[in-house]
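Quick notes on the structure that follows.
The values are calculated or read from the model by the stated rules, or taken from the named source; none is laboratory data. A quick note: this is a predicted structure, and the numbers were derived from the prediction, not measured. Because the Cβ atoms are built from the backbone with ideal geometry, glycine has one as well, and the counts that use them run over all protein chains shown.
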Amino acid sequence: MIVTTKELFQQAYGKYAIGAYNINNLEQTMGLFKGNVESKAPFIVQLSKGARSYTHKRMLEALMQTADEIFPEAVFAVHLDHGDEETCMDCVDSGVYSSVMIDASHYELEKNIEITKRVVDAAHAKGLVVEAELGLLKGVEEDVVAAEHVYTQPDEAEYFVKQTNCDSLACAIGTSHGAFKFSGDQKLRFDILEEIQKRLPGFPLVMHGSSSVPPEEVRRINEAGGDIKGASGVDASQFLGAAKLGVTKINIDTDGRLVWCRVHREFFRDHPDQFDLRGPGKVFMPEYAKFIAEKNVLLGSAGHLDEVRTALKK
Ligand code: G3H
Ligand code: 13P
Ligand code: ZN
C-alpha cells in the first residue's frame with residue numbers, strides 16, 4: 001500500500017523514526033521490501049535524480065508498482081530524494097510518487113521559500129506531500145558541494161515552515177552524505193533539534209546522511225580487494241534520541257551500497273571462475289533484507305506495520 005510520508009509520520013512522531021532507503025535497481029527493491037515486511041516495518045523508498053537516470057525513471061516507477069503487488073503487506077511511501085523543481089513537478093505528475101523532496105537549500109532563504117512554495121502548491125493539489133531543506137550538509141548533496149556544515153537556524157526553520165506550508169523539514173545538524181562523515185568525534189547538534197521542536201511542536205523533521213558505515217562492513221570490503229580508508233558514520237544508538245526530538249525520517253543510502261559492494265567483492269573473490277550476475281545477486285537480496293530488518297530495529301520502526309496498516313486503511 002503506497003501512502004504519503006505524512007501519514008507515516010503521524011503514526012511515528014515522538015516514538016520512532018521511519019527508515020528512508022535509497023534504491024537504484026531490482027535486486028535492491030526485492031531486498032528492501034522483503035526486509036521491511038519481515039521486520040514488520042513501514043518504510044520510505046527514496047529515488048534520487050541519479051537513480052532515476054541510472055536506467056530510466058519509468059523503470060523505477062514500474063518497480064514500485066510491481067513491488068506493491070508482490071508484497072501486499074508492505075506499507076510504504078515512494079519519495080523523490082533531493083529533487084530540483086523540475087524533477088519534483090515530474091514526480092508530482094507521475095501518479096506513482098506520494099512524496100517529493102525539494103532541495104533548494106543552497107539558495108538564500110527567500111529564494112528557497114519561493115521555490116519550495118511552488119512545489120508545495122503543485123504537490124498538495126495532487127495529494128502528494130513535500131519535504132524541504134534548510135541548512136547545508138557538509139560535503140556533496142546531489143550537485144552542490146558545501147565545504148562546511150551550515151546548521152539549520154531554529155528561528156529560520158519556524159519562519160520557513162510557516163511561509164512554505166511544507167510537510168516536513170530536513171535539518172542540518174552535523175551529519176553528511178557518504179562514507180566519510182567525521183574526522184574526529186562525532187558531534188550531532190541535538191540542541192538544534194530541541195530548539196526546532198520547541199518552535200514547531202509535532203512537526204516532522206528529517207535527518208539526512210545517517211548511514212552508520214559499519215567498520216566490519218568496510219573491513220570485509222577491504223579484505224576482499226577494496227581500498228576504503230578513513231570511513232566513519234553515525235552512531236545508530238542516536239536514532240531513538242533523535243526520534244524523541246521530532247525526527248520521523250532517517251535517510252540511509254551509503255550503508256546499503258556497502259552491503260552491495262561487500263557481497264559482490266567477496267563473491268567474485270571466492271568464485272573466481274564465475275561470471276553469472278545472478279550468483280552474487282542471489283546472495284545480495286537476502287543480505288540486503290537482513291540489513292534493512294536490523295536497521296529497522298535500531299530506528300524503532302520494526303514491529304509497527306500492523307498497527308500502521310490498521311490506522312491508515314482507507
Ligand atoms: O543524498 C544522496 C543520496 O545518497 C543519493 O545519492 O544521488 O548518488 O543517488 P545519488
Ligand atoms: P547516507 O550517505 O549517510 O546514507 O545518507 C543518505 C541520504 O541522506 C539520502 O538523502
Ligand atoms: Zn540526503
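Looking at Ala147, is it farther than 22 Å from Gly14 by Cβ, out of contact with any Cys (no Cβ under 9 Å at 6 or more places or on another chain) and away from ligand 1 (no atom under 15 Å from the Cβ)?
yes
Within the stretch 233-249, does at least one residue satisfy the condition of being within 14 Å of ligand 3 (Cβ to nearest atom), of a type in the set (Lys, Arg), farther than 21 Å from Ala132 by Cβ and touching a strand residue (DSSP E or B) at 6+ places or on another chain (Cβ under 6 Å)?
Going residue by residue through the stretch 233-249, those that are within 14 Å of ligand 3 (Cβ to nearest atom) are 233-234, 247, 249.
Right, trim to of a type in the set (Lys, Arg) and you get 249.
Among the residues that remain, those that are also farther than 21 Å from Ala132 by Cβ are: none.
No.
Can you pull out the residues in the stretch 1-21 that are part of a strand (DSSP E or B) and buried (at least 24 other Cβ atoms within 10 Å of the Cβ)?
Answer for the stretch 1-21, where residues must be part of a strand (DSSP E or B) and buried (at least 24 other Cβ atoms within 10 Å of the Cβ): Ile18, Gly19, Ala20, Tyr21.
Being in a helix (DSSP H, G or I), within 15 Å of ligand 2 (Cβ to nearest atom) and aliphatic (A, V, I, L, M) is the filter here; which residues of the stretch 35-67 pass it?
Of everything in the stretch 35-67, just one residue is in a helix (DSSP H, G or I), within 15 Å of ligand 2 (Cβ to nearest atom) and aliphatic (A, V, I, L, M), namely Ala51.
Picking from Thr87, Thr29, Thr55, which residue would you name as being buried (at least 18 other Cβ atoms within 10 Å of the Cβ), farther than 25 Å from Ala302 by Cα and hydroxyl-bearing (Ser, Thr, Tyr)?
Answer to the selection: Thr87.
Mind listing whichever residues of the stretch 178-207 are within 15 Å of Ala236 (Cα to Cα), within 16 Å of ligand 1 (Cβ to nearest atom) and not aliphatic (A, V, I, L, M)?
Selection gives Lys181 alone.
Just the residues that are within 16 Å of ligand 1 (Cβ to nearest atom) and either over 20 Å from Phe203 (Cα atoms) or of a type in the set (Gly, Ala, Ser) (or both), please, taken from the stretch 91-132. Steps first, answer last, please.
Start the filter on the stretch 91-132 by keeping residues that are within 16 Å of ligand 1 (Cβ to nearest atom), which leaves 91, 97, 99-106, 131-132.
Result: Cys91, Tyr97, Ser99, Ala104, Ser105, His106, Ala132.
Filter the stretch 90-117 down to the residues that are of a type outside the set (S, T, N, Q), surrounded by 15 or more Cβ atoms within 10 Å (Cβ to Cβ) and farther than 17 Å from Leu169 by Cβ and list them by number.
Once the filter is applied, which keeps residues that are of a type outside the set (S, T, N, Q), surrounded by 15 or more Cβ atoms within 10 Å (Cβ to Cβ) and farther than 17 Å from Leu169 by Cβ, the stretch 90-117 yields Asp90, Cys91, Val92, Val96, Tyr97.
Can Asp81 be described as part of a strand (DSSP E or B) and of a type in the set (D, E, K, R)?
yes
Which of the numbered conditions does Ser168 fail, given that it passes all the others? Conditions: (1) surrounded by 15 or more Cβ atoms within 10 Å (Cβ to Cβ); (2) in contact (Cβ under 8 Å) with a residue 40 or more places away in the chain; (3) hydroxyl-bearing (Ser, Thr, Tyr); (4) within 26 Å of Val259 (Cβ to Cβ).
Only one criterion in (1) surrounded by 15 or more Cβ atoms within 10 Å (Cβ to Cβ); (2) in contact (Cβ under 8 Å) with a residue 40 or more places away in the chain; (3) hydroxyl-bearing (Ser, Thr, Tyr); (4) within 26 Å of Val259 (Cβ to Cβ) is unmet by Ser168, namely (4).
Could you tell me which residue of the stretch 125-141 is modelled with the lowest pLDDT, considering only residues that are over 25 Å from Glu7 (Cα atoms) and among the hydrophobic types (A, V, I, L, M, F, W, C)?
Val140
So that you can scan it fast, the table gives a plain yes or no per residue for (1) within 16 Å of ligand 2 (Cβ to nearest atom); (2) in contact with a Ser or Thr (Cβ under 7 Å, 6 or more places away or on another chain); (3) under 25 Å from Asp84 (Cβ atoms):
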residue	(1), (2), (3)
Asn112	no, yes, yes
Asp121	no, no, yes
Cys171	yes, yes, yes
Ser176	yes, no, yes
Gln186	yes, no, no
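Being touching a strand residue (DSSP E or B) at 6+ places or on another chain (Cβ under 8 Å), closer than 26 Å to Val144 by Cα and not in a loop (DSSP other than H, G, I, E, B): is that true of Leu32 here?
no
Which pairs do you get when a residue that is at positive phi, found in the stretch 68-86, comes within reach of a residue that is at pLDDT below 95 and surrounded by fewer than 24 Cβ atoms within 10 Å (Cβ to Cβ), reach meaning Cβ atoms under 6 angstrom, with the pair 6+ apart or on two chains?
Cβ pairs passing all conditions: His82/Glu142.
Just to be sure I understand, how many residues within the stretch 206-228 are under 20 Å from Gly174 (Cβ atoms), out of contact with any Ser or Thr (no Cβ under 7 Å at 6 or more places or on another chain) and crowded, with 19+ Cβ neighbours inside 10 Å?
Number of matching residues: 1.
Would you mind stating whether Ile228 is part of a loop (DSSP other than H, G, I, E, B), at negative phi and in contact with a helix residue (DSSP H, G or I) (Cβ under 8 Å, 6 or more places away or on another chain)? Show your work before the answer.
On the way: part of a loop (DSSP other than H, G, I, E, B): yes; at negative phi: yes; in contact with a helix residue (DSSP H, G or I) (Cβ under 8 Å, 6 or more places away or on another chain): yes.
In short, yes.
Residues Ser210, Ser232, Ser237: which one is in contact (Cβ under 8 Å) with a residue 24 or more places away in the chain and within 23 Å of Cys166 (Cα to Cα)?
After applying the criteria, what remains is Ser210.
Please specify each residue of the stretch 14-62 satisfying the condition of being more than 14 Å from ligand 3 (Cβ to nearest atom), within 20 Å of Ile250 (Cα to Cα) and of a type in the set (Phe, Trp, Tyr).
Hits for the stretch 14-62 are Tyr16, Phe33, Phe43.
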